[in-house]
Amino acid sequence: MYEIQLFGRIEVRTRGIRLTGDDFGGDRPRQLLALLALHGELSLVELAELVGAPPATVKSDLKVLREALEPGGRGRDSVLVGRFGRYHLDTERARVDVHTFDQLIRAAEGRSPERAARPLTAAAFLAARPLLEDEDTPWAAELRAEYRAKLLMAQPPVTAGR
């Protein structure tokens, strides 16, 4: 299982290995990981537009990322799946903290304040650090603002008598 952390610095933990910073093979491979973890399946063209690089360069960066995630692994068995010019992470093998955050927020919706407090507190704990805090790109700043707003909305309700 690949545990992908996007709140704070981008980090991947798997089988006793921890990848951060330049361990992904550079800025673009790390950013591609974040984009795929956040958005699910994206085309090569969409990825190229988001990172501001030609599709051929992005394709090369995806190979670098795949090798960083699974040194010596085979492409078709990789957690990074590419088919027909579209890429995604194998959701059976990758768990992303942002998705857990979103699930916790959804779990709290419609509950009484007492029952919503537990999932909202857990969501706030997950998002204690800014999303993609070390990434200085327009798309990262936009997502950071979006999740900052979600976090503000996720503050546990104050119950009467406290």
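The values are calculated or read from the model by the stated rules, or taken from the named source; none is laboratory data. Everything numeric here is computed off the predicted structure, so don't read it as measured data. Here Cβ is always computed from backbone atoms with ideal geometry, including for glycine, and neighbour counts include all displayed protein chains.
When E46, E70 are checked against the criterion of being surrounded by 14 or more Cβ atoms within 10 Å (Cβ to Cβ), within 20 Å of L143 (Cα to Cα), of a type in the set (D, E) and outside the structural domain of E142 (by TED's automatic domain parsing), a single residue qualifies: E46. All conditions but one from (1) under 17 Å from the mean Cα position of the chain (by Cα); (2) surrounded by 18 or more Cβ atoms within 10 Å (Cβ to Cβ); (3) within 30 Å of L152 (Cβ to Cβ) apply to A116; the one that does not is (1).
Taking the range 1-116 as the region of interest, the strands (runs of 3 or more DSSP E) fully inside it that hold 3 or more residues being at pLDDT below 95 are 80-83. Any residue at all in the range 85-105 that's surrounded by fewer than 14 Cβ atoms within 10 Å (Cβ to Cβ), hydroxyl-bearing (S, T, Y) and either in contact with a Gly (Cβ under 9 Å, 6 or more places away or on another chain) or in contact (Cβ under 8 Å) with a residue 60 or more places away in the chain (or both)? Within the range 85-105 (the criterion being surrounded by fewer than 14 Cβ atoms within 10 Å (Cβ to Cβ), hydroxyl-bearing (S, T, Y) and either in contact with a Gly (Cβ under 9 Å, 6 or more places away or on another chain) or in contact (Cβ under 8 Å) with a residue 60 or more places away in the chain (or both)), the answer is yes, since at least one residue qualifies.
Restricting to the range 117-134, and then to whatever is small (G, A, S) and part of a loop (DSSP other than H, G, I, E, B), can you tell me which residue is nearest to L47 (Cα to Cα)?
Step one: of the range 117-134, the residues small (G, A, S) are 117, 122-124, 127-128.
Still in the running and part of a loop (DSSP other than H, G, I, E, B): 127-128.
On the way: A127: 25, A128: 28 Å.
Going through the qualifying residues, I end up with A127.
A residue that is in contact (Cβ under 8 Å) with a residue 60 or more places away in the chain, under 22 Å from I4 (Cβ atoms) and not assigned by TED's automatic domain parsing to the domain that holds F7 can be found somewhere in the range 107-126. When you scan the range 101-118, do you find a residue that is in contact with a Lys or Arg (Cβ under 9 Å, 6 or more places away or on another chain) and closer than 24 Å to P29 by Cβ, even just one? Checked the range 101-118: at least one residue is in contact with a Lys or Arg (Cβ under 9 Å, 6 or more places away or on another chain) and closer than 24 Å to P29 by Cβ.
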